[in-house]
Every structure is written in structure tokens, then in C-alpha cells.
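The values are calculated or read from the model by the stated rules, or taken from the named source; none is laboratory data. Being a predicted model, the structure only gives us computed values, none of them experimental. Every residue, glycine among them, receives a Cβ derived from its backbone with ideal geometry; neighbour counts consider all protein chains shown. For accessibility, only protein heavy atoms count, side chains too; no ligands or nucleic acids. Shrake-Rupley method; radii C 1.70, N 1.55, O 1.52, S 1.80 Å.
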Amino acid sequence: RKELGSRSSRGAGRGCLGCGGAGRGDDSVIGLQSANTVDAVIALLASLRAGLVVAPMPLHWRQKNVLEALNRAGARALIAGDSFGGRSLGHEARDAAAELFALRFVFGLGKDVVDGLMELGNVLDELPEDLEDAPVRRGANAADHVATLTWTRSTSGEPLPIARSHNQ
């Protein structure tokens, strides 16, 4: 198995994660639902480097919860691990993308990437060697910029995103 980590310096160093070349701008939201693996950490760091806002999804969330959260956050992409606790996160991500039109890209992590998902390592392999970092525009204090979204519940029980900066 090829490790995403072996490609991380090239992919993350370019600030890409496959989304930069797909017309994504600064502050686009990308969901992440994966077990705590090296691949997931690298994907998170590469997303931050690309100027994306990462919205990690709790592993206990099922497709309905993930759909609600991605829709509420305005996510355009999702990175899913292969499996967790007997569930196929890849299958659930693929099915979520079929129901949420705004979700344009669904990437898979791990050794058994589901049909219909783009294997993140392959996307990084296909990047041109001379691709440079995308410029990420930040205000006076870049650490005050939103980096991730965490989740709570509204009074009606729907997922409610909370923006977190690097300073929080």
C-alpha cells in the first residue's frame, strides 16, 4: 500500500490537496470524517495549508447527521476514511454526495477506497511537479482566521457549526 504520508510534503507543500486545482478559493469548507490516522492528520494539515476551512465530523455521526452538517456549513468537498467500527465511511460519503448537490468532491483515505470516491493519494500523485502554492490571503493577523469548524447542537437538535481560529 502506498502511504499518503510519503506524498504529503509534495501535496501539502503545494497547498493543494487536489482542491486548489479544482477552482476552490480561500475559505471553502471541506468536511473530514475519518478515524485518527496519519492519513487523516496529513489531509487536515494539507487542507489548512491550502486555505480551506476544515470541518471534522464526529465518527458516530451517520449519513443524516453528516448531510445536515455539510449543508449547514456550505461544504464543497468531503474526505472520508475507509471504515470505522464496522461501518464503511466511504460508502456513506458517496451516498451523501449523491444527495447533496453542493458537494462537488469526495476523497477517500485508506487502503480500500470505495468506487465513486477519488483516492487522495492518487490525486496528489497526478499534480504537476512545478505546481506552486496557491496564494492564501489573510488579514493583518493570520492566526485570527477561521481554521476549523467544531460542532454543537441547536435547540432543535440540528448540527450547529462553531468557527474556530488558530488562536482558539
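Leaving out ligands, DNA and RNA, and with a 1.4 Å probe, what % of the accessible surface on region 40-136 is carbon or sulfur? Using a 1.4 Å probe with all protein chains present, region 40-136 comes out at 51 percent carbon and sulfur. Computed packing ranks the peptides 78-85, 119-126, 94-101, 56-63 as 78-85, 119-126, 94-101, 56-63, most packed first, by mean other Cβ atoms within 10 Å.
Remark: spin-label model distance Asp144-Val38 equals 3.8 nm, labels positioned 7 Å along the Cα→Cβ axis.
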